[in-house]
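Notes follow once the structure below has been shown.
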Amino acid sequence: MITGSMETAETLNAILKTIDEGIHVVDADGITIFYNSVAATLDGLTPDEVHNCHVLEAFPSLTTETSTLLKVIQTGKPIFNEHQSYTNRKGKQIDTVNSTLPLWLNGELIGAVEVAKDLSKIKQLSEQLLDLQSKMKRLNKSHKNQTFASYHFSDIITNDSTLDQVKKQCEKASQTQSPIMIYGETGTGKEMFVQAIHNSSKRSSQPFVVQNCAAIPGPLLEGILFGTTKGSFTGAIDRPGVFELADGGTLFLDELNSMPVELQAKLLRVVQEGVVQRVGSHVTRKIDVRIISALNEKPEECMNKGSLRHDLFYRLNVVYFELPPLRERKRDISFLIQYFVTHFNAVFQKKVEGITDEAEQVLQNYSWPGNVRELKHAIEHSMNFSEDYSLIGLELLPKHVAPSNATIRIESTPDLSTVPPLRKALGDYEQQIIQMALKQTSGNILQAAKILGVPRQTLQYKIKQR
């Protein structure tokens, strides 16, 4: 029994050492019994310097009130996703999100475990972007025409009647102050439309600020949106958020459905009252911002899944636009092919004449999960290998768009003996589409599921059925 317990402990210890997040375990007296190398790296220490030491001895800057490990031991209650900012022994600023849980055995509290995720690099990059935008805003006061928005409605080209109608409606909506919500799949050009709306509006000389709600972890996003106050948490400084930076102009909240729901409630207050309150401050600041939000899933699906609050949706969905995917705009495929050929002829200083009928037919039949962006990249890929005064053929198209066995055949009498059962044919085609989506997202199942419009669990199941 003793040997088995020792082997179990060694196995658990080996597993904990492989985890890429900081793990710190203390007993009921606050003495460290496990401290992995990731945690040691974050704190600028070695595991030996912390092991068998009391928390306050190893980290003298902490107190019984500020140490989450000691707090959990005292209360027996877990603490989830708490943002902590501190300076380690090497003087390096560290930002983590910690979850601290009590350890119980037979009804007795025997210690606590803390899992820390390092967000320092993400926070540093986000703050650098905020500082840059703040400097640009100050610069804009003397250079009124400078803006972060570069696209205009004249840059949006289409031969599709549905998209053309959306474009005309956006031009009309640009003249008002109403909140706008846009839905479109990845690559349909949501930000291009948003920039065009801003540049056509009365706010065109004012700031245009973009915040992707999926790019920043929830615990940091609140400070990015609303700003921070010195002392609101360890290491916090006075810094405006994107709402203050966009004051007088337009704020584009991309992938709004990725924002934590609890943060959406705070956003709702800003939208309703037109005031913003920095994290840790009791002072409210009046702001004048036009909010344009975007979703990469249909709003009804977002609300049904609980990723979008109904009350926030009704506040921001005053004007709604839906951008059709490229696969539903067949006339645009031929139109955009020639446009991109002309474009890359100028960029690459080439004289490619166009594309063969066979290659164009393949492009017409492709599903374009990455939409216009993917088509542009496909033509750019082909143009890299094309010769002057030639046509782009099947052999030059990207392999995922035109597999090597792709051909266009016209047969007067079909050979019915080669027709597979419908269920098998549909299954094979489904797997091809799944593989295209996975390749497009470099194997990211969550992003592939979004492109395909299915739940992540469904996609994982279908992948396992291969």
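Things worth noting here:
- Filter pass, residue 151 being modelled with pLDDT of 55 or more and in the same structural domain as residue 190 (by TED's automatic domain parsing): yes
- Taken together, the criteria exclude residue 21 from residues that are farther than 19 Å from residue 103 by Cβ and of a type in the set (Asp, Glu).
- Residues satisfying the stated conditions in region 344-381, i.e. assigned to a helix (DSSP H, G or I) and over 29 Å from residue 448 (Cα atoms): 345, 346, 347, 348, 357
- Top-ranked residue in region 56-78 [being of a type in the set (S, T, N, Q) and over 19 Å from residue 94 (Cβ atoms); ranked as surrounded by the most Cβ atoms within 10 Å (Cβ to Cβ)]: 74
- The one condition in (1) part of a strand (DSSP E or B); (2) within 15 Å of residue 289 (Cα to Cα) that residue 182 fails to fulfil: (2)
- Among (1) under 30 Å from residue 365 (Cβ atoms); (2) assigned to a strand (DSSP E or B); (3) in contact with a Leu (Cβ under 8 Å, 6 or more places away or on another chain) - the single one residue 321 does not satisfy: (3)
- Scanning region 287-312 for residues that are touching an Asp or Glu at 6+ places or on another chain (Cβ under 9 Å) and free of Cβ contacts under 8 Å to residues at least 24 places away in the same chain gives a single hit, 305.
- Selection count, region 381-411, where residues are more than 33 Å from the chain's Cα centre (by Cα) and modelled with pLDDT under 90: 9
- Within region 370-391, being farther than 21 Å from residue 327 by Cα and of a type outside the set (S, T, N, Q) holds for 383, 385, 387, 388, 389, 391.
- Note on region 291-310: among residues that are of a type outside the set (A, V, I, L, M) and outside any helix (DSSP H, G or I), the one that is nearest to residue 454 (Cα to Cα) is 297.
- Among the residues of this structure, residue 337 counts as one that is in contact (Cβ under 8 Å) with a residue 12 or more places away in the chain and not assigned by TED's automatic domain parsing to the domain that holds residue 205.
- Among residues of region 193-219 that are closer than 18 Å to residue 244 by Cα, those with a Cβ under 9 angstrom from a residue that is assigned to a loop (DSSP other than H, G, I, E, B) and among the basic types (Lys, Arg), sequence gap 6+ or separate chain, pair up as 205/144; 206/144.
- Residue 374, sole failed condition from (1) of a type in the set (Asp, Glu); (2) more than 22 Å from the chain's Cα centre (by Cα); (3) surrounded by 15 or more Cβ atoms within 10 Å (Cβ to Cβ): (2)
- Yes/no for residue 313 being assigned to a strand (DSSP E or B) and at pLDDT 95 or above: no
The values are calculated or read from the model by the stated rules, or taken from the named source; none is laboratory data. Remember, predicted model here, so these are calculated numbers, not experimental data. Neighbour counts run over all protein chains shown; Cβ positions are idealised from the backbone, glycine included.
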